[in-house]
Structures are given as C-alpha cells and as structure tokens.
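Structure, as structure tokens:
The values are calculated or read from the model by the stated rules, or taken from the named source; none is laboratory data. Worth saying up front: this structure is predicted, and the values here are computed from it rather than measured. No Cβ is skipped: glycine too gets one built from the backbone with ideal geometry, and neighbour counts run over all protein chains shown.
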Amino acid sequence: MKSTPGARVASEPSGDRVFATVGPELLDAIREAGPRRVVLEVPAGLVRDAHSLAAKLREGTGVAVDVAARPCFGACDPPQRDEAPRADLAIVLGHSPIPNVPTDRRTFFVEMRSPVGDPDTLAQRVRAADLPSRLGLVFSIQHMDLLAPLSTALERRGFTVRVGRGDRRLAYAGQALGCNYTGAEELAAEVDAYLFVGTGRFHPLGLAFAVEKPVWSLDPARGELESPIDRGALVRRRQLLVASTRDARSWGILVSTFRGQNRSPTALALQARARARGLEAEILLASRLDPADLLGRNLDAYVNTACPRIALDDSSNYPKPVLTPPEFLMAIGELPLEPYRFDTYH
Ligand code: SF4
C-alpha cells in the first residue's frame, strides 16, 4: 500500500507522516523513526481490532506499543502528553491530519484507505437515479482514492463534477470533516446537489446542516445511493431548541482542552457578549466532555465550543440544552434564526 504524501501536515519538521493503511511502509517508517515507545490510538469503530493491530506493530518493528483506551474521535484529539507520557511516537488510525492543528509529539496518521467500489458501477448507479447534472463531490477519508476515477466516470455520463479545496483544517480537496465542510460550501454557486461518498450518516448529516442544496449519499462498498436528508426538519429541530433557551439567564460555555477542539478565544468572546447582555456565563473546561459532568449544575443552558457535533448529534444525552456558538448568538438575539448557520470549525 502506498503512503499518502499529498496530505497537508501541520508540523513537517517534527516528522509527522501520513499512511494509507497498516502495511509494510508503515512498519518500515516506525523502524526508521526508532521510537522508544509507541502509543496507538484508534477510533471507536476499530476498537475490536486495536489489540491485533498493536501486536502486528510490535511484531513487525520490535518496538513497545501501548494502546490508548480512550477512542479518538478525530485528529483533533490525539493522545495528550499526560495520557501517554512515555511514548515518543503516536500512531493515530482512521484519521487524516488536521493541517492547522500541530501535534505535540511525532505522529503517524494511518488513514485506513479502503479500495472498495468500482467507479463505473457507482457512476452508473448515480446516473440511473437521475441526480442533478451539476454535482459537488465530498468524500470520507477512507474513500478519497475514488475521487479521481469516480469524477471521470461521472463526467463520462454527462455530469459536471466539482470538488472544493476547503480551508486549512482539511488535509485534502474534496474531504469531509465532521466539523468542516468548507470544500463543499465554496461550490454553492456551481452545483445543484452534493454527492457524499462514504458510509454511515455522520457526514451526510453534517453536510446537510452546512449546505443548502440536497445531499445524496453513495455507499461505495454496497453500491447503495440514499436520497437527501430532510434539511428543513433538521434545522427546525435546532431552531426549536434555540427557542427553548430564550429565557435562559445562566449559561455554561463548554471548552475542550484537546488541542484540536480548543476554541478558547471563541469561548471568551461569547462570554463577553453574554455578560454585555446581563447574562451569567461561566466557562467549563473538560478534555472529553461527559454529559454526567453537567448533572446537578445550577445553569440554564450550555454553548459548546468543542467539537460542533456534540451539540448537533448528542444534545439529547445532556441534561440541559446544548447549543453551538452560532445558535447561542441566535438565542441572545444577535443573529437571526434564518439562514441557519452550521458551526464550522476553521
Ligand atoms: S472536532 Fe469533531 S468533527 Fe471535527 S475532527 Fe474533531 S471529532 Fe471530528
């Protein structure tokens, strides 16, 4: 398997690297780096494989490998110094680097690229469903290798395909990140619909919040094409939640200490705006946010400056309403409810 040198990496001088999968090239690079100890971090979906992968790395390199028990949600929350103090190399599986988030120790990102999906068959499936002819393509990192061949196959079938570059939080053009769909957003005037290529609902949901055109989802492994999510219903649910906080007098402002989720300046600015309106606003610090930590607090509502998806996907797990920063500004009357603004993490 090939490494993916095209990725933007924040801290080249520290020796961070990007690999397509766990293979000989990664093992060679670990041996070459000569770490004393490695910490392996995996996303929740790969926890089952974590220990066999750790064994593979140990046996293939002769280096000691520890496994981080905390699953990683993204390249935004790699193992912190105090979570793995003895490791001088981190291996993060399933994520690309976030280029504007520097790492604090040498880190190898293994994107777990998947070779599944025949571009012609997939393009034919899209053609048969009669999608609008001007399409913006967005990919999960695992399926980025389909970008070029699928674009060509779609163009051969009469589609005009666009791929956005996005901002410095995205390692690749055309990439979806749950907190940043700037590549898709920049295509708004050029496309009539978006085609997300990947599995699951996480990205189609985020993309539906971020853009105002229909988002179709193509699962390259199953060859299944899903109709667009009802964006109006998603937005109305959030607007109702915003409306429920209109009388909130005391706010908790949630701040993550993970370096790729830390928006302290945003939190301080929101606190100042709340106080200027006579509201109480307290900053609450956490690394990984746990709904149980918010139980029993004498606060009316929260605004979350950590991962935007905590508010959008998990708010029902929390004891009080949890809004995104733009929603908070709607709640205190500084932004209109329409148009709805996705909380893009730049
Ligand atoms: S902030 Fe959230 S959506 Fe963004 S990379 Fe981290 S876990 Fe993913």
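How many residues are within 13 Å of the ligand (Cβ to nearest atom) and small (Gly, Ala, Ser) when one looks only at the range 257-277?
Matching residues across the range 257-277 total 1.
Which residues, counting only those in the range 11-46, are within 16 Å of Ala68 (Cβ to Cβ) and assigned to a helix (DSSP H, G or I)?
Result: Ala44, Gly45, Leu46.
Report yes if some residue within the range 122-143 is out of contact with any strand residue (DSSP E or B) (no Cβ under 9 Å at 6 or more places or on another chain) and within 19 Å of Ser96 (Cβ to Cβ); otherwise report no.
The answer is yes; a qualifying residue exists.
Which condition breaks for Leu234 when tested against (1) away from the ligand (no atom under 16 Å from the Cβ); (2) crowded, with 18+ Cβ neighbours inside 10 Å; (3) part of a helix (DSSP H, G or I)?
Status for Leu234: all satisfied but (2).
So, of the residues in the range 108-135 that are touching a residue at least 60 places away in the same chain (Cβ under 8 Å) and small (Gly, Ala, Ser), which turns out to be surrounded by the fewest Cβ atoms within 10 Å (Cβ to Cβ)?
Looking at the filtered set, the residue picked out is Ala129.
Kindly indicate the residue of the range 296-312 that is outside any helix (DSSP H, G or I), buried (at least 22 other Cβ atoms within 10 Å of the Cβ) and not polar (S, T, N, Q) and also farthest from the ligand (Cβ to nearest atom) among those meeting that condition.
Taking the range 296-312 and keeping what is outside any helix (DSSP H, G or I), we get 296-307.
Among the residues that remain, those that are also buried (at least 22 other Cβ atoms within 10 Å of the Cβ) are: 301-307.
After this cut, where a residue has to be not polar (S, T, N, Q) as well, the list is 301-303, 306-307.
Working: Ala301: 21, Tyr302: 17, Val303: 15, Ala306: 7, Cys307: 3 Å.
Only one residue tops the list, namely Ala301.
Scan Leu46, Leu57 and give me the residue that is more than 16 Å from the ligand (Cβ to nearest atom) and not assigned by TED's automatic domain parsing to the domain that holds Cys307.
From the options Leu46, Leu57, the qualifying one is Leu57.
Sort through Leu207, Leu218, Leu254, Leu170 and tell me the only one that's assigned to a strand (DSSP E or B), within 16 Å of the ligand (Cβ to nearest atom), crowded, with 20+ Cβ neighbours inside 10 Å and touching a residue at least 40 places away in the same chain (Cβ under 8 Å).
Of the residues listed, the single one that is assigned to a strand (DSSP E or B), within 16 Å of the ligand (Cβ to nearest atom), crowded, with 20+ Cβ neighbours inside 10 Å and touching a residue at least 40 places away in the same chain (Cβ under 8 Å) is Leu254.
Take Asp130 and decide whether it is of a type outside the set (A, V, I, L, M, F, W, C), part of a loop (DSSP other than H, G, I, E, B) and assigned by TED's automatic domain parsing to the domain that holds Thr152.
Yes; evaluated as a whole, the condition is true for this residue.
Return the residues of the range 265-290 that are of a type outside the set (D, E, K, R), assigned to a helix (DSSP H, G or I) and either assigned by TED's automatic domain parsing to the domain that holds Thr103 or in contact (Cβ under 8 Å) with a residue 12 or more places away in the chain (or both); say none if nothing qualifies.
Thr266, Ala267, Leu268, Leu270, Gln271, Ala274
Do you know which residues across the range 68-87 are buried (at least 16 other Cβ atoms within 10 Å of the Cβ) and either more than 20 Å from the chain's Cα centre (by Cα) or part of a helix (DSSP H, G or I) (or both)?
Glu83, Ala84, Ala87, listed by residue number.
Within the range 266-280, is there a residue that is at positive phi and surrounded by 16 or more Cβ atoms within 10 Å (Cβ to Cβ)?
Going residue by residue through the range 266-280, those that are at positive phi are 278.
Now narrow it down to the ones that are surrounded by 16 or more Cβ atoms within 10 Å (Cβ to Cβ): none.
Taking every residue of the range 266-280 in turn, none turns out to be at positive phi and surrounded by 16 or more Cβ atoms within 10 Å (Cβ to Cβ).
Could you please let me know if Thr103 is touching a Ser or Thr at 6+ places or on another chain (Cβ under 8 Å) and either in contact (Cβ under 8 Å) with a residue 12 or more places away in the chain or within 16 Å of the ligand (Cβ to nearest atom) (or both)? Full working, then the answer.
Working: touching a Ser or Thr at 6+ places or on another chain (Cβ under 8 Å): yes; either in contact (Cβ under 8 Å) with a residue 12 or more places away in the chain or within 16 Å of the ligand (Cβ to nearest atom) (or both): yes.
Yes: the conditions hold for Thr103.
Does at least one position in the range 97-104 carry a residue that is within 20 Å of the chain's Cα centre (by Cα) and crowded, with 24+ Cβ neighbours inside 10 Å?
Among the residues of the range 97-104, at least one is within 20 Å of the chain's Cα centre (by Cα) and crowded, with 24+ Cβ neighbours inside 10 Å, which makes the answer yes.
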